[in-house]
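Written below as structure tokens is the structure these notes are about.
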């Protein structure tokens, strides 16, 4: 069975020394978070204290976290590829594994010559587009997502110059971009319906189901992107899509039937891959 993990791994980069850990043993906030199941209780306590404006807010935040609400929803941000992305209740929180997509998108944008164009489909809060915006100044950025709440955060993260369109996949993208997009990057929903109950409590209860699940095999939206990609990509354009490693073979087969070559980029976690598709 595929394992679907939801862990705020960006916290692992925040070191806590032995003296701090010793003091944490008597810290009531740390104890409460640990009893609530937090793996990084000391680090989370530090972040909650830094963000709360008063003891009452800190107590409320602690209660929300112990109840299982994602830390990122409470703080209002998530660390991603060295950036702070705005997030909030009701939106999908970008996972650290998706940095693999961002790195692939940046590499292809840099190789695309002058005035490159990126579309992040199923963008959520636009983690990929935001990384490209920061690393490749001057790139033309476009975003699509069916969730208007997520798009509000996406605008905050990317800035006012991005084109923002409501709808899944290529829906709403203006016609003048046909044949002109150098990179289409996507972290679409790709969890199979049968695996929904295997997801962590945080994801099931606090993130939109539509941002997680995509049909019986999880590839409904991936196939839609592949079916439509050819008419939107520039002659040397690429489609880079995140998925589970068990889904790549079916994706590659579908891509070949649509005249696209499929290559795989394997993530460090052994589970995540990026399918890189081109003519």
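The values are calculated or read from the model by the stated rules, or taken from the named source; none is laboratory data. Please read these numbers as outputs of a predicted model, since none were measured by experiment. No Cβ is skipped: glycine too gets one built from the backbone with ideal geometry, and neighbour counts run over all protein chains shown.
Quick notes on this one:
- Across the range 179-199, the number of residues qualifying as exposed (fewer than 14 other Cβ atoms within 10 Å of the Cβ) and closer than 12 Å to residue 233 by Cα comes to 1.
- As for the range 249-260, it holds no residue that is buried (at least 16 other Cβ atoms within 10 Å of the Cβ) and either assigned to a strand (DSSP E or B) or at pLDDT below 95 (or both).
- Flag for residue 265 being assigned to a helix (DSSP H, G or I), in contact with a strand residue (DSSP E or B) (Cβ under 7 Å, 6 or more places away or on another chain) and assigned by TED's automatic domain parsing to the domain that holds residue 169: no
- Entirely in the range 124-211, the strands (runs of 3 or more DSSP E) that have 3 or more residues that are touching a strand residue (DSSP E or B) at 6+ places or on another chain (Cβ under 9 Å), within 23 Å of residue 243 (Cβ to Cβ) and not assigned by TED's automatic domain parsing to the domain that holds residue 38: 140-145, 181-186
- Any chance residue 122 is at positive phi and within 15 Å of the chain's Cα centre (by Cα): yes
- Residues satisfying the stated conditions in the range 20-75, i.e. over 23 Å from residue 207 (Cα atoms), modelled with pLDDT under 95 and part of a loop (DSSP other than H, G, I, E, B): 25, 26, 27
- When residue 101 is tested against (1) in contact with a strand residue (DSSP E or B) (Cβ under 7 Å, 6 or more places away or on another chain); (2) farther than 23 Å from residue 165 by Cα, only condition (2) is not met.
- Residue 229 meets all of the listed conditions (1) in contact with a helix residue (DSSP H, G or I) (Cβ under 8 Å, 6 or more places away or on another chain); (2) within 22 Å of residue 175 (Cα to Cα); (3) outside any strand (DSSP E or B) but one, namely (1).
- For residue 242, the criteria (1) touching a helix residue (DSSP H, G or I) at 6+ places or on another chain (Cβ under 8 Å); (2) surrounded by fewer than 22 Cβ atoms within 10 Å (Cβ to Cβ); (3) at pLDDT 95 or above hold in every case but one, which is (2).
- If the condition is being surrounded by fewer than 21 Cβ atoms within 10 Å (Cβ to Cβ) and either within 20 Å of residue 174 (Cβ to Cβ) or without any contact (Cβ under 8 Å) to a residue 40 or more places away in the chain (or both), then the range 86-115 contributes 99, 103, 107, 110, 111, 112, 113, 114, 115.
- Test: residue in the range 92-101 that is assigned to a helix (DSSP H, G or I), over 14 Å from the mean Cα position of the chain (by Cα) and either more than 21 Å from residue 147 (Cα to Cα) or at pLDDT 95 or above (or both): no
- When 175, 186, 139 are checked against the criterion of being without any contact (Cβ under 8 Å) to a residue 24 or more places away in the chain and farther than 18 Å from residue 90 by Cβ, 175 stands alone in meeting it.
- Exclusive hit being closer than 25 Å to residue 132 by Cα, surrounded by fewer than 20 Cβ atoms within 10 Å (Cβ to Cβ) and outside the structural domain of residue 130 (by TED's automatic domain parsing), set 81, 59, 52: 81
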